[in-house]
Amino acid sequence: MKHLSPPRYLFIILIAILFFGCEKPEDNIQNGEQDLSLPGSSNQMKSGEPDGYTILGAHIDVPYKVSVMAQAKENLISRNVAGASSISVRTSHKYIRFLPKDKEELDKLMELELILFDIPLDYEIVGQGTSFHDPTVSDSIPTPQYTVVDPLFTYSDVAWELLENAYIPEDDPALVNDSILVRELIIEAFKITNNEKYLDEMKGLLPSKWRPKGRIRVWDDVMGGLIPIKNCQVRSFRFFKIGIGYTDANGYYSCSERYRYNVHYSIRWEHPNGFRICDGFNWVTAKYDGPYIRDDWNCDIGGASSTYKNMRFATMFRAANRYFNENRGGLDSPKLLISLDMTYKHSQGSGLNIGNLPYTLIAISQIKVWGKDNNGDFRNTENVFSTTIHEIGHSAHWKKMGMLNFAQTTEQIRESWANALEWWLTRLEYSELGIPYTVYDNYSPTNTSNEGFNDWDQQWKGIGNTDKVYTPLFIDLVDDLNQSNNIGTPSYAILPSDRCPGDPWFDGANCVVGTPPAGTTAFIYNDNFYYTPIGCCTCPLDGSGFDDENCYVKPIPADRIGFIYNNTWYLHPLGDPTLPFDVIHGYTMEGIENNIIPHAFGLTSTRTAIKNNLPPGMTAKRIDQYLDFYFAL
């Protein structure tokens with residue numbers, strides 16, 4: 001990922017605070033206190049949530065340090081162990097710690113594609129958790145990042161320090177054929193560092209190498225079961241030997257390194273393509289501490305009615321991975337110049353993409369998603385998924401328009417486009433999981449009952465609806481549902497008793513105006529009904545007349561939309577006037593994103609952009625009649 005090369009002050013704009021999103025709810029969880037301090041530290045870290053911070057135990061004098069291995073070699077030589085003098089103890093790895101001072105520097109580290117850990121690799125893990133922040137470091141500063149690099153590693157963009165030089169004899173090519181010597185050296189080093197408890201793993205001959213692997217799945221409420229997570233980052237580590245793997249489309253992964261002994265497993269909820277899930281507040285990357293085993297790790301996260309945070313982290317990751325890396329149905333990637341930080345709050349609220357800093361690019365990359373709805377109940381997983389898409393959509397919108405243009409858009413345009421992105425990508429996700437849109441579209445979570453805009457059937461509720469912001473404006477350019485005339489389930493339309501006033505008759509679906517004489521063709525021109533003449537100029541239908549080219553029948557009423565089907569003139573029937581009258585079709589999400597959104601600031605400019613990109617069969621009258629609803633709000 002490219003980091004932000006210009007100085008940050010270039011991104012300062014006139015308004016220092018720019019809010020956009022659903023709302024900014026208060027965090028209603030009352031955090032308790034738990035002693036999670038590092039050894040030797042009096043600092044306390046708080047966690048009152050079901051999955052809190054990783055708890056570190058005692059510091060480990062790692063036996064793979066060069067100084068320890070050198071002493072172990074000398075001890076073997078003194079005991080006349082065959083071949084000991086031939087061991088070349090040297091620095092094969094460097095154990096280092098980065099000290100990023102802000103988000104920009106943390107983002108720069110992602111460019112290096114290193115395997116970063118927020119916990120030190122030379123401490124015991126006595127309590128598994130979902131995140132960690134060094135208690136000696138201010139919450140406003142990213143926690144140090146630990147990793148292992150090759151001996152020639154150099155870097156100057158972010159401060160770092162060498163913690164240890166390491167030698168890993170299991171990976172020494174010169175010792176590949178002398179497993180007994182390697183085993184003796186390792187055992188001696190573990191004894192020197194008082195790590196005998198780990199020697200239980202080393203009984204008998206040197207174990208064969210094995211590769212950590214397994215499968216990662218998460219519960220989904222719509223599916224009613226576990227589904228694989230794609231592109232999930234799984235890490236393995238044993239002291240200073242670290243590996244990484246990413247899950248495939250079926251959730252299977254295999255780590256990059258092979259080991260001889262037990263390893264720690266861990267999931268880190270981030271992707272090098274430019275996003276990470278944060279636990280509770282920004283810059284603390286969420287994770288899932290796995291077991292310490294010499295075996296596959298198959299991890300199933302969550303279940304029906306689960307309250308664990310990792311199920312929500314995984315669902316947010318699914319959403320971000322869909323938007324960044326998978327089929328987007330023609331949409332552009334939302335990848336920014338810096339990492340997109342998506343914070344999960346295990347409490348009551350909705351979703352928020354908030355610009356709370358004077359540096360707009362940094363502000364636009366801050367997303368918050370809450371786990372509970374306004375009733376205090378945990379949201380269904382598909383709601384967490386769709387909300388995440390919605391908030392990422394704001395950042396994608398910013399990227400498409402640019403800083404200054406985006407700042408000039410109305411809240412209605414911003415939220416309506418985010419609604420469309422949410423609808424489109426959530427539908428793609430579940431259709432690829434085998435859930436037909438007709439089923440998913442009618443799915444109605446209980447927490448949408450009081451909202452003006454229903455996320456699932458994408459209808460505007462007429463009765464009691466005062467919401468003028470979260471609209472299906474852009475969705476209606478793509479879908480084939482006329483909300484005003486919808487009589488399906490669910491439906492909020494209240495239809496008039498006479499749906500075809502005047503001469504037309506209602507055929508159960510539309511208003512039939514009439515059929516032209518045999519051998520002629522019905523058509524519409526300049527919002528009038530016509531048909532082709534017989535011969536040169538004969539117009540036999542009563543009431544019609546020749547206009548020097550074709551047979552004129554009658555004008556289409558100014559407040560009605562006419563169309564031709566099966567060589568018959570029709571009018572769309574009247575619908576519920578409290579709902580948008582949507583007889584628009586032919587637009588695509590890709591076309592809207594590239595040709596309409598860059599020019600859409602408010603309703604007037606949006607109408608102009610929509611008319612400037614009319615697909616075949618659409619008319620300016622249809623656009624005007626539809627948008628009149630929004631202008632009248």
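Values in this text are rule-based calculations from the coordinates and carry no lab data. None of the values given here were measured: they were computed from a predicted structure. No Cβ is skipped: glycine too gets one built from the backbone with ideal geometry, and neighbour counts run over all protein chains shown.
Taking packing as the residue-averaged number of other Cβ atoms within 10 angstrom, the listed peptides 557-570, 320-333 run from highest to lowest as 320-333, 557-570. A Förster radius of 25 Å, combined with the Cβ-Cβ distance separating His59 from Ser140, puts the computed FRET efficiency at roughly 0.40. Say R0 is 30 Å: what FRET efficiency, to the nearest 0.05, do Glu326 and Asp102 get from their beta-carbon distance? Between Glu326 and Asp102 the formula returns 0.45. Protection proxy ranking of 310-317, 530-537, 496-503, 188-195, by the mean of other Cβ atoms within 10 Å over each peptide's residues and highest first, is 310-317, 188-195, 530-537, 496-503.
In this rough spin-label picture, where each label sits 7 Å from Cα along the Cβ direction, the Asn566-Asp377 distance is 4.5 nm.
Checking the cross-link pairs Lys335/Lys400; Lys191/Lys287; Lys103/Lys368; Lys103/Lys372 against a 21 Å limit on the alpha carbon distance flags Lys191/Lys287; Lys103/Lys372 as lying beyond it. Between Val513 and Trp569, Tyr570, Leu571, the built amide H atoms are under 5 Å apart, and every one of these is 5 or more places off in sequence or on another chain.
Extension gain, Glu411 to Tyr252, is 53.1 nm, computed as 0.36 nm per intervening residue step minus the present C-alpha separation.
Modelled spin-label separation between Ile524 and Asp300, with each label point placed 7 Å from Cα along the Cα-to-Cβ direction: 5.4 nm. In summary, the aspartates and glutamates within cross-link reach of Lys73, defined as a Cα separation below 20 angstrom excluding same-chain residues under 8 places away, comprise Asp61, Glu164, Glu170, Asp171, Asp172, Asp178, Glu184, Glu188, Glu196. Placing a pseudo-label 7 Å from each Cα along the Cα-to-Cβ vector at Tyr155 and Ala174 gives an inter-label distance of 2.9 nm.
Within the shell defined by Cβ-Cβ distances under 9 Å, the residues around Gly330 carry a net charge of -2, with Lys and Arg each +1 and Asp and Glu each -1.
When only alpha carbons are used to place a centre, the range 130-163 and the range 511-533 end up 75 Å from one another. Summary of packing: across the peptides 123-133, 292-302, the per-residue average of other C-beta atoms within 10 Å ranks them, highest first, as 123-133, 292-302. For Asp507 and Gln71, the difference between the fully extended length at 0.36 nm per residue and the C-alpha to C-alpha distance is 147.5 nm.
Sequence-ordered 3J(HN,Hα) estimates for the range 330-344 from the Karplus curve with 6.51, -1.76 and 1.60 and θ = phi - 60° stand at x, 6, 6, 5, x, 4, 9, 6, 10, 5, 8, 9, 10, 8, 9 Hz, glycine and proline given as x. Rounded to the nearest Hz, the phi-derived 3J(HN,Hα) couplings of the range 382-396 under the Karplus curve 6.51 cos²θ - 1.76 cosθ + 1.60 (θ = phi - 60°) are 5, 6, 4, 4, 5, 5, 4, 4, 4, 6, 4, x, 5, 5, 5, where x marks glycine and proline.
Of the cross-linked pairs Lys345/Lys399; Lys213/Lys309; Lys108/Lys197; Lys94/Lys345; Lys209/Lys309, those separated by over 29 Å at the C-alpha level are Lys108/Lys197; Lys94/Lys345; Lys209/Lys309.
Here r is the Cβ-Cβ distance between Glu111 and Asp542 and R0 is 60 Å; the resulting FRET efficiency, rounded to 0.05, is 0.20. For the range 189-197, the Karplus equation 6.51 cos²θ - 1.76 cosθ + 1.60, evaluated at θ = phi - 60°, returns couplings of 5, 5, 5, 4, 8, 6, 10, 4, 4 Hz by residue, with Gly and Pro reported as x. Under a 5 Å amide H cut-off, with hydrogens placed 1.01 Å from N, Asp547 pairs with Tyr552 among residues at least 5 apart or on other chains.
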